[in-house]
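*Asks:* Got a structure for you, written out below as structure tokens; questions coming shortly.
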Amino acid sequence: MRKQIIPESIARLEKLEELNLSSNLLESLPEPIGMLRNLKSLNVSGNKLNALPDTICLCRYLGNLRRLSIHLNKIQSLPASIGDMSALCFVDAHMNELSGLPDEIGRLTNLEILNLSSNFTNLSQLPNMIGGLINLKELDLSHNQIQALPYTLGRLDKLTKLNLEHNPLDIPPPEVINEGVEAIKTFMHDLPVEEERKSSLEGNDQTQTGWLMRGGSWLLNSASFVGGSISGYLMGGAPKNAAYLEEAL
């Protein structure tokens with residue numbers, strides 16, 4: 001029988017290490033679930049959840065959680081406090097409605113596998129802090145709307161599997177993606193240097209253009225002054241120094 005409600009008395013299972021609530025009709029989880037301080041694996045996939053209770057991520061209780069499976073739900077965001085789940089090494093959040101990740105995700109330094117695939121039109125960007133996932137080995141971003149990867153992805157030295165299929169990516173370009181994970185990491189790692197170089201060149205071009213424009217303006221003004229003086233002299237308006245010479249004669 002598929003469950004719609006989990007009783008709050010579940011918090012009494014203090015020694016529980018694994019909890020599988022997948023493939024039910026749950027629309028929410030009871031707040032006391034966060035009291036399961038020995039819980040190491042939580043699977044709530046295949047339900048109707050649109051959010052996680054705050055107590056799940058108040059990890060003074062769930063600090064031992066290593067595996068979190070929340071795929072096949074309608075979750076729109078992850079709370080910032082997920083960054084306190086320091087023991088997490090596996091997170092599966094595919095087939096949800098995630099529109100992004102909190103910056104605090106970068107604090108999960110033990111995370112090895114992260115699946116964010118198939119959040120479709122909702123997921124369009126990743127935070128720069130994803131570069132903090134220093135032990136990440138597998139990252140699945142397929143079937144989203146990501147146009148540019150954060151340059152910090154180039155810091156993920158242990159990343160060996162990266163799925164970017166079905167994203168409208170401009171950065172990195174297709175030719176780099178086709179070369180594989182190491183090429184992508186190198187490109188993203190070098191991107192800030194390249195952008196800084198381009199910015200410097202553009203700045204120099206603007207400076208030179210401005211100098212030329214100012215120089216051109218000075219030449220035009222000088223030509224106008226000289227032309228006016230000559231014209232005035234020819235029309236009878238001799239310069240003052242010429243009049244002075246005539247008087248002296």
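Each reported figure results from applying straightforward, stated rules to the coordinates on display, with no laboratory input. Keep in mind it's a predicted model, so treat the numbers as computed, not measured. Here Cβ is always computed from backbone atoms with ideal geometry, including for glycine, and neighbour counts include all displayed protein chains.
*Asks:* Can you figure out the FRET efficiency of residue 4 with residue 87, using R₀ = 22 Å and their beta-carbon distance, to the nearest 0.05? If you can, show how the numbers build up before the last one.
*Replies:* Working: r = 30 Å, r/R0 = 1.37.
Between residue 4 and residue 87 the formula returns 0.15.
*Asks:* To continue, here is another question. Given a Förster distance of 22 Å, report the FRET efficiency between residue 103 and residue 54 from their Cβ-Cβ distance, rounded to the nearest 0.05.
*Replies:* Working: r = 18 Å, r/R0 = 0.81.
Step by step, r from the Cβ atoms, then E = 0.75.
*Asks:* Follow-up. Which of 91, 38, 130 sits closest to the plus end of the dipole of the range 8-171, meaning its Cα is farthest towards the positive end, when Lys and Arg get +1 and Asp and Glu get -1 on the C-beta?
*Replies:* Towards the positive end, the residue furthest out is 38.
*Asks:* Then there is this: If I stretch the segment between residue 135 and residue 14 completely, what's the gain in nm (0.36 nm per residue apart, minus their alpha carbon distance), one decimal? Don't jump to the answer; show the numbers that get you there.
*Replies:* Details: separation 121, 0.36 × 121 = 43.56 nm, distance 2.99 nm.
So the chain would gain 40.6 nm between residue 135 and residue 14.
*Asks:* Report the net charge of residues surrounding residue 97, where surrounding means a beta-carbon distance below 13 angstrom and charges are Lys +1, Arg +1, Asp -1, Glu -1. Present the calculation step by step, with values, prior to reporting the outcome.
*Replies:* On the way: positive: 48, 74; negative: none.
Taking every Cβ under 13 Å from that of residue 97, the sum is +2.
*Asks:* With a 10 Å radius around each residue's Cβ, average the other Cβ atoms per peptide and rank 160-166, 111-117, 47-53, 9-15, highest first.
*Replies:* Numbers: 160-166: 15.4, 111-117: 21.6, 47-53: 18.1, 9-15: 12.3.
Top of the packing list down: 111-117, 47-53, 160-166, 9-15.
*Asks:* So, one more: Evaluate the relative contact order of the range 1-152 (contact order divided by residue number), counting alpha-carbon pairs under 8 angstrom at least 6 apart; express in whole percent.
*Replies:* Working: 416 pairs, mean separation 23.3, N = 152.
The value is 15 percent.
*Asks:* Could you calculate the FRET efficiency of residue 125 with residue 74 from 1/(1 + (r/R0)^6), where r is the beta carbon distance between them and R0 is 25 Å, rounded to 0.05? Kindly include the intermediate steps, with their values, before the conclusion.
*Replies:* Details: r = 20 Å, r/R0 = 0.80.
Efficiency for this residue pair is about 0.80.
*Asks:* Nothing charged except the Cβ atoms of Lys and Arg (+1) and of Asp and Glu (-1): what's the magnitude of the dipole of the range 8-171 about its Cα centre? Round to the nearest 20 debye. Present the calculation step by step, with values, prior to reporting the outcome.
*Replies:* Values: 14 positive and 18 negative charges, 74 e Å.
The calculated dipole for the range 8-171 is roughly 360 debye.
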